[in-house]
1. Got a number for carbon plus sulfur as a percent of region 31-76's accessible area, 1.4 Å probe?
2. By how many nm would the segment from Val190 to Lys50 lengthen if fully extended, with 0.36 nm per residue of separation less the alpha-carbon distance?
3. Taking the simple approach of a point 7 Å from Cα along Cα-to-Cβ for both Glu33 and Gln113, what is their distance in nm?
4. Keeping all protein chains in the complex and leaving out DNA, RNA and ligands, what accessible area do you get for Tyr59 with a 1.4 Å probe, in Å² to the nearest 10?
5. From largest accessible area down, sort Lys51, Lys79, Lys136; use a 1.4 Å probe on the protein chains.
6. Using amide H atoms built in the peptide plane, which far-off residues or other-chain residues are under 5 Å from Asp58 H to H?
7. Given H placed 1.01 Å from N in the peptide plane, which residues other than close sequence neighbours of Gly92 have an amide H under 5 Å from its amide H?
8. Compute the separation of the alpha-carbon centres of region 75-111 and region 45-73 and state it in Å as a whole number.
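The values are calculated or read from the model by the stated rules, or taken from the named source; none is laboratory data. What you are looking at is a predicted structure, and each value in this text was computed from that prediction instead of being measured. Note: ideal-geometry Cβ built from the backbone for every residue, glycine included; neighbour counts use all protein chains shown. Ligands, DNA and RNA are stripped out before the accessible areas are found, and what is left, the full protein with its side chains, is counted by its heavy atoms. Shrake-Rupley method; radii C 1.70, N 1.55, O 1.52, S 1.80 Å.
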Amino acid sequence: MRISITRRRLLAAGMAAASLPLSGCFTPKLYKESAYHEQVSAFMITEDGKKLVVLGQDYHYIFDLPASLRPVLQSGYRKSLHTQFTDFRGNGSGVTGHYRILLPKNASADDQQAATADGFTAAQAGLVLEGDIGGKRYSTEGFADKAKDKDNAAQAFNHPYNVYVRESPSVVGMGLRILATPVTVAADGVLVLGGIVLLPIAVIAIEANGGLRIM
């Protein structure tokens, strides 16, 4: 009886050891970083100025709007700004990104003074404000069908604007479930988030370097 038990234990240990190389081969593939390009149709903020919403084709990205950005997006000089959103990274439903806003050196003295008061600092090309943002991403599945028949507030850019997004682990590879977008379309076509109206903030020229003109 003792010999039989010992053999069983040795056999079980051998099988476990043999399975380790296989496990080592598959795990990195599941967690390997992947990337995709998100085609963005609009950048919006909630009417209370607390959320920044990026409307993409596959996902909606909802960020907590940094306090430093609120006065900038409501300023009189915002039409002169060149804005870039970069380094988007997804981790499950979470997402982070980086923004860089430039007020060109040929801006008026009044605009430069106002921007400096809002936290912009001197750079070679003008005055710059940059920082990081964080929030959540949500699936747009079914959203297009709800919005297509309504003249909603999501005004598209005059040229495609793509955001490069890296994700680790891969949503597809890990079989992760992303919740449906909380952005809804009201009867009058206005987009709403949690009962708060969304206002478009960037809707016209996209610069050759990928920057946006904030409107």
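1. Numbers: 920 of 2050 Å².
Carbon and sulfur together cover 45 percent of it.
2. Values: separation 140, 0.36 × 140 = 50.40 nm, distance 1.78 nm.
Length gained between Val190 and Lys50: 48.6 nm.
3. Reported label-point gap for Glu33 and Gln113 is 4.5 nm.
4. Spelled out: Tyr59, probe radius 1.4 Å, area about 40 Å².
5. Result of the area sort, largest leading: Lys79, Lys136, Lys51.
6. For Asp58, the qualifying residues are Gln39.
7. Ser168
8. Using only Cα atoms to place each centre, the spacing works out to 12 Å.
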